[in-house]
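Trainee: Questions regarding the structure given below will be posed in turn.
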There are 2 protein chains.
Amino acid sequence: MKHPENHTPEPSCETDDHQGQLGNLLSEEACQQAATIFSVLGDPNRLRLLGLLVKQELCVTEIADALNDNLPAVSQRLKVLRSERIVSYRRQGKHVFYRLDDDHIVQLLQNGLAHAEHH
Amino acid sequence: MKHPENHTPEPSCETDDHQGQLGNLLSEEACQQAATIFSVLGDPNRLRLLGLLVKQELCVTEIADALNDNLPAVSQRLKVLRSERIVSYRRQGKHVFYRLDDDHIVQLLQNGLAHAEHH
DNA sequence: CAAACAGTTGCAAAAGTGATTGACTGATGA
DNA sequence: TCATCAGTCAATCACTTTTGCAACTGTTTG
């Protein structure tokens, strides 16, 4: 007696497959991982930071300056982004340069922004 | 004395435009909105729930049952998803049926999962 | 109208998150 | 080697979010 059997004449026939490889992909583990990534992107400060990196590679100081924020804060954010492989970095002398890890996440950002707009 | 001027010979020439309408889009407000959406998606429980809705429209009880979770919890999650227009709903008799608001967010989910996987 | 069912809401406890500050590491250059 | 600059790390605090439970609303059915 779990599923209500008397609710709707036609059982909500939206079973078309406007999904990609999605459907089954929502396994326990996939959800967990995807959720982590989404929540890392779910912060305006980190998003602003990524916005800068879309255009070019930058070192931490430059980022902090552009965002008008202090170094530890920025470094902290970069650490989080690093942990999810959203940004990668290289050291050059005293400086550490960060950039987006791949174009993949640019897409994600675009999608997110798109949804934000048309809403 | 803000931007370091001695850091790199060529100032990190990644200024190619593999961005869509992105670049400038990262305005204060756009960031804020996008961040909200991302963080709503940044929860494994909500993601699992959305996973169900990708395939079909479902009522709250069905969802709770499928997720093996209690009704108030599910209702609460749906409320959050509703607030960001990620799901829409219709009432039919005693039941309230939820579904994904548009195919747009399916894309978002796909992107998120894709990134989660190849990582 | 009363009973039963489907959902929602409110509230308090618990868990998670981000900002801040100060100390620490690593590289350069006098 | 010492001073300085670039960045990271760690600990604390404030704040937001989740969750779990009980009470409440709305709808159907007897």
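Trainee: What list of ³J(HN,Hα) couplings, whole Hz, do you get for region B:64-77 from phi and the Karplus terms 6.51, -1.76, 1.60, once you set θ to phi - 60° and write x for glycine and proline?
Mentor: Going residue by residue, I get 4, 5, 4, 8, 6, 9, 7, 4, x, 4, 5, 4, 4, 5 Hz, with x marking Gly and Pro.
Trainee: 5 Å is the cut-off here: which amide hydrogens, built 1.01 Å from N in the peptide plane, fall below it relative to residue B:101, excluding neighbours closer than 5 in sequence?
Mentor: Result for residue B:101 returns B:87, B:88.
Trainee: Using 7 Å Cα-to-Cβ label points, what is the residue B:102/residue A:94 separation (nm, one decimal)?
Mentor: 5.0 nm
Trainee: Rounded to the nearest 20 debye, what is the charge dipole size of region B:24-78 about its Cα centre when +1 sits on each Lys and Arg Cβ and -1 on each Asp and Glu Cβ?
Mentor: 120 debye
Trainee: Find out how many positive minus negative residues lie around residue A:88, taking Lys and Arg as positive, Asp and Glu as negative, among other residues whose Cβ is under 10 Å from that of residue A:88.
Mentor: Summing Lys and Arg as +1 and Asp and Glu as -1 gives +1.
Trainee: If you don't mind, there's one more thing I want to ask. Sort A:38, A:97 so that the residue with the fewest other Cβ atoms within 10 Å of its own Cβ comes first and the one with the most comes last. Provide the component values of the computation, followed by the final result.
Mentor: Numbers: A:38 28, A:97 21.
Final ranking by Cβ density, sparse to dense: A:97, A:38.
Trainee: I would also like to ask the following. Which residues does a label at residue B:29 reach in region A:34-66, if reach means a backbone N under 20 Å from a point 7 Å past the Cα toward the Cβ?
Mentor: Answer for region A:34-66: A:43-49, A:51-52.
Trainee: Can you give the Kirkwood hydrodynamic radius for region B:28-117, in Å, rounded to one decimal and based on Cα pairs?
Mentor: Hydrodynamic radius (Kirkwood, Cα only) of region B:28-117 equals 13.5 Å.
Any read-out appearing in this document is the output of simple, stated calculations on the displayed coordinates, not a laboratory observation. A quick note: this is a predicted structure, and the numbers were derived from the prediction, not measured. Positions of Cβ are generated from backbone atoms using ideal geometry, with glycine treated the same way; all protein chains shown enter the neighbour counts.
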